[in-house]
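Since the structure comes first, as structure tokens, the remarks are kept for the end.
The values are calculated or read from the model by the stated rules, or taken from the named source; none is laboratory data. The model shown is predicted, which means the values in this text are computed figures rather than measured ones. Counting neighbours? That spans all protein chains shown, and the Cβs are built from the backbone with ideal geometry, glycine included. Only protein heavy atoms, including side chains, enter the accessible area calculation; ligands, DNA and RNA are left aside. Shrake-Rupley method; radii C 1.70, N 1.55, O 1.52, S 1.80 Å.
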Amino acid sequence: MGIYSEEIERRRTFAIISHPDAGKTTLTEKLLLFGGAIHVAGAVKSNKIKKTATSDWMEIEKQRGISVATSVMAFDYNEHKINILDTPGHQDFAEDTFRTLTAVDSVIIVIDAAKGVEAQTRKLMEVCRMRKTPVIVFINKMDRDGKDPFDLLDEIEEELHIHVRPLSWPIDMGQRFKGVYNIFERKLNLYTPSKQYVTENVEIRDINSTELDGHIGEPLAEKLRSDIELIEGVYPVFEVETYLKGDIAPVFFGSALNNFGVKELLDCFIRIAPSPRPVQALERVVDPEENTFSGFVFKIHANMDPNHRSCIAFVKICSGRFERNANYKHVRFNKMMRFSSPTAFMAQKKETVDEAFAGDIIGLPDTGNFKIGDSLTEGEDLHFKGLPSFSPEMFKYIENADPMKSKQLNKGIEQLMDEGVAQLFVNQFNGRKIIGTVGQLQFEVIQYRLLHEYGAQCKWEPISLYKACWIESENKEMLANFKKRKSQYMALDREGRDVYLADSPYVLTMAQNDFPDIRFHFTSEF
Ligand code: G4P
């Protein structure tokens, strides 16, 4: 037990992820309402970039402002300190979301009952699986007609490759929605549509008693009994340990908009969700309860003021206690630094804090000292792993459009890449720079910011690529042979690692067949 154990064990740091429109913002808002952090519905602004605004940069800029405020929302609930990390809804910023997932200890996935598992959810779940992050599923919008709950569970298992275990069960849906039976606590939650009030619940010790019929009528009571019997027969008994290992996801049903099923979710969450977990550094495993401070930068938010470059570096505290004005080592620079105005995020307010503990997120005002993945410690050289780069999906050559400003352009590109806006590869054959992104919007963001923050102009030139993959092999001869054969398609990433730029799925498959000793990686963390 460390000296800060009590503080650390009461922390729950997590993210809510979903496909846009499933109800992430609504659920976040209801959680804040329970925590007393806000008092009226509608106070949480969605940070999602509306679909209609994809080409409207000013709109994006405005919304970026909102998303700084809602990056981290912290509140106290039943002796627990809850830190919700927000993730951008727009898929073009998926990379940002992936990195945020490296800073959380667990995740709640929101699924729209009518739509089931959607593309974005699938992709985000992949990251959770990779990291063995414990996951709770909330099936939302039960007040609308949706898919059959058993079908939904099958779909989640199949599409998200995770075992599920319902801990609550819906009684009908849509207009006829009567409520949910809380399997975890053996309580019946009766539903009355309401956006303001938390619905009362009734304790049902035995669902075979006629008391149940009195509440929901005989036919539905019979249906519930047979559903529960089926669940108990098909799904394993819920064990917290299996959930914590990331092997099983408990499932809740409800309606975030109607504030229904949310409290049950939150109550179960604080009971079973992990407090800050040990973090793997390159050198060793760092335990949150260690007395010395350590943390890493997982996100950098550029300033809204284009006249001078200042950002907020978001640091996840991995161990110990962070103190304002203390000296900490910036490991990459091997330099001690002091931070006089670290910020914490209570509900939606940003305020300067004097201390923070493992599990918390702090914002450090920065003028270009940090890049994603940097670590801070009390002196030890620690490098935190696990900030994956995914193979981008879109590629363009970036060229200088103003020869007088090439220095500014290079500096701008470097710093934007430090922020993790996109990925840079340098083609070793022709020396040209290639920017890889997950969506068109990022190219617009880069061009705009290069001009407004660095006074540099870039232009894009097309390049037809299918995927960038990191390659490695113990068979040095085969590797050298491959690089020679594919010399036109070889590039280096910013860490100097070999990247093969495949121009079609066919060529990639052929390469994989012809060079069996070479491993082709689609994320850079291996
Ligand atoms: P997101 O952050 O995941 O993108 O979703 P968000 O919470 O913004 O919700 C998307 C839409 O779904 C919103 O409607 C919201 O009101 C609605 N919604 C959320 N939860 C429920 C629910 O339990 N039942 C029903 N019926 N609807 C729900 P909108 O019309 O797009 O926005 P708004 O005008 O209501 O804000």
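Numbers for the structure displayed
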| item | result |
| --- | --- |
| Filter result (among the aromatic types (Phe, Trp, Tyr) and either outside any loop (DSSP other than H, G, I, E, B) or open to solvent by 20 Å² or more (accessible area, probe 1.4 Å) (or both)) within segment 334-349 | 345 |
| Residue selected from segment 138-172 under the condition open to solvent by less than 10 Å² (accessible area, probe 1.4 Å) and of a type in the set (Phe, Trp, Tyr), by the criterion modelled with the highest pLDDT | 138 |
| Qualifying residue in segment 380-397 (condition: closer than 12 Å to residue 315 by Cβ, open to solvent by less than 10 Å² (accessible area, probe 1.4 Å) and in a strand (DSSP E or B)) | no |
| Verdict on residue 503 being acidic (Asp, Glu) and open to solvent by less than 40 Å² (accessible area, probe 1.4 Å) | no |
| Complete set of residues in segment 12-36 that are near the ligand (Cβ under 8 Å from one of its atoms) and charged (D, E, K, R) | 21, 24, 29 |
| Hits in segment 369-422 - residues which are under 24 Å from the mean Cα position of the chain (by Cα) and small (Gly, Ala, Ser) | 373, 375, 386, 389, 391, 420, 422 |
| Number of positions in segment 415-453 that are modelled with pLDDT under 90 and surrounded by fewer than 15 Cβ atoms within 10 Å (Cβ to Cβ) | 2 |
| Scan of segment 156-185 for residues that are in contact (Cβ under 8 Å) with a residue 60 or more places away in the chain and on the phi > 0 side of the Ramachandran plot, ordered by number | 179 |
| Every residue from segment 112-148 that is under 23 Å from residue 264 (Cβ atoms), away from the ligand (no atom under 16 Å from the Cβ) and assigned to a helix (DSSP H, G or I) | 128 |
| Checklist (1) closer than 30 Å to residue 276 by Cα; (2) within 16 Å of the ligand (Cβ to nearest atom); (3) surrounded by fewer than 14 Cβ atoms within 10 Å (Cβ to Cβ) applied to residue 175, failing item | (1) |
| Pairs, first in a loop (DSSP other than H, G, I, E, B) in segment 260-282, second basic (Lys, Arg), C-beta under 6 Å, six or more apart | 273/12; 275/11; 276/11; 282/385 |
| Residue within segment 103-115 that is at pLDDT below 85 and buried (at least 23 other Cβ atoms within 10 Å of the Cβ) present | no |
| Qualifying position, being modelled with pLDDT of 90 or more and either in contact with a Leu (Cβ under 8 Å, 6 or more places away or on another chain) or within 16 Å of the ligand (Cβ to nearest atom) (or both), among 251, 240 | 251 |
| Output for segment 318-333, where each listed residue is assigned to a strand (DSSP E or B) and within 21 Å of residue 418 (Cβ to Cβ) | 318, 328, 329, 330 |
| Test: residue in segment 152-161 that is over 25 Å from residue 271 (Cα atoms) and within 12 Å of the ligand (Cβ to nearest atom) | no |
| Counted residues, segment 481-496 - those being open to solvent by 50 Å² or more (accessible area, probe 1.4 Å) and either among the acidic types (Asp, Glu) or under 17 Å from residue 395 (Cβ atoms) (or both) | 5 |
| Residue ID - farthest from residue 378 (Cα to Cα), chosen from residues in segment 263-305 that are within 16 Å of the ligand (Cβ to nearest atom) and at pLDDT 90 or above | 265 |
| The listed residue being outside any loop (DSSP other than H, G, I, E, B) and out of contact with any Gly (no Cβ under 9 Å at 6 or more places or on another chain), out of 249, 221 | 249 |
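One line per residue, one yes/no per condition, for (1) surrounded by fewer than 16 Cβ atoms within 10 Å (Cβ to Cβ); (2) over 23 Å from the mean Cα position of the chain (by Cα); (3) at pLDDT 60 or above:
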{"position": "1", "(1), (2), (3)": "yes, yes, yes"}
{"position": "17", "(1), (2), (3)": "no, no, yes"}
{"position": "30", "(1), (2), (3)": "no, no, yes"}
{"position": "33", "(1), (2), (3)": "no, no, yes"}
{"position": "41", "(1), (2), (3)": "yes, yes, no"}
{"position": "48", "(1), (2), (3)": "no, no, no"}
{"position": "55", "(1), (2), (3)": "yes, yes, no"}
{"position": "70", "(1), (2), (3)": "no, no, no"}
